[in-house]
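Nothing in this text is a laboratory measurement; each read-out follows from the coordinates by a stated rule. The shown structure was predicted, so the numbers you read here are calculated from the model rather than taken from an experiment. Using ideal geometry, Cβ is built from the backbone for each residue, glycine included, and neighbour counts are taken over all protein chains shown.
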Amino acid sequence: MSKVKIELDHNAVAAFLCSAPVENMVKGYADRAVQRLGTGHKAYTITWTRYPKMRRKVAIVKAKTKKAQRANLRDNTLLKAVLGK
């Protein structure tokens, strides 16, 4: 077998992770989770930064009412909705 060496262009990968198509994709996943959950939840996207050059778009799904928060604590509704169970 021959050895293959793959070298990534880190700047291009970073630019892709902050692009509009990636933002739309993660927003779509979050919106589907909110549809499964029903009322009392919200989804939004942010640009997450851990290190100065490590930026990416992420989606966040939160329980915005006390009733939804209690249901999540009791039944893990957010986890089940995100995983599709």
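Listed values, structure above:
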| quantity | calculated |
| --- | --- |
| Surrounding net charge for Thr49, when Lys and Arg each add one and Asp and Glu each subtract one, Cβ distance under 15 Å | +4 |
| Size of electric dipole in region 1-45: Cβ of Lys, Arg +1 and of Asp, Glu -1, about Cα centre, debye, nearest 20 | 220 debye |
| Rg followed by Dmax, in Å, when the chain is reduced to its Cα trace | 17.3, 59 |
| With Cα atoms, 0 to 90° folded angle of helix 66-75 axis to the chain main axis | 70 degrees |
| Expected 222 nm ellipticity per residue - DSSP helices of 4 or more, -39500 (n - 2.57), all of the chain, to 500 | -15000 deg cm²/dmol |
| Gyration tensor (alpha-carbon) shape descriptor, region 36-85, a/c threshold 1.5 | prolate |
| Given charges at Cβ of Lys, Arg, Asp, Glu: the chain dipole, positive-most of Val82, Trp48, Gly38 | Gly38 |
| Cα centre as origin, Lys/Arg/Asp/Glu Cβ charges: the chain dipole, Debye | 480 debye |
| Phi-based couplings in Hz for region 16-27 (Karplus 6.51, -1.76, 1.60; Gly and Pro marked x) | 5, 5, 9, 7, 5, x, 5, 4, 5, 5, 5, 5 |
| Under Karplus coefficients 6.51, -1.76 and 1.60, residue-wise ³J(HN,Hα) of region 41-49 in Hz, glycine/proline x | 10, 9, 10, 8, 10, 9, 9, 8, 10 |
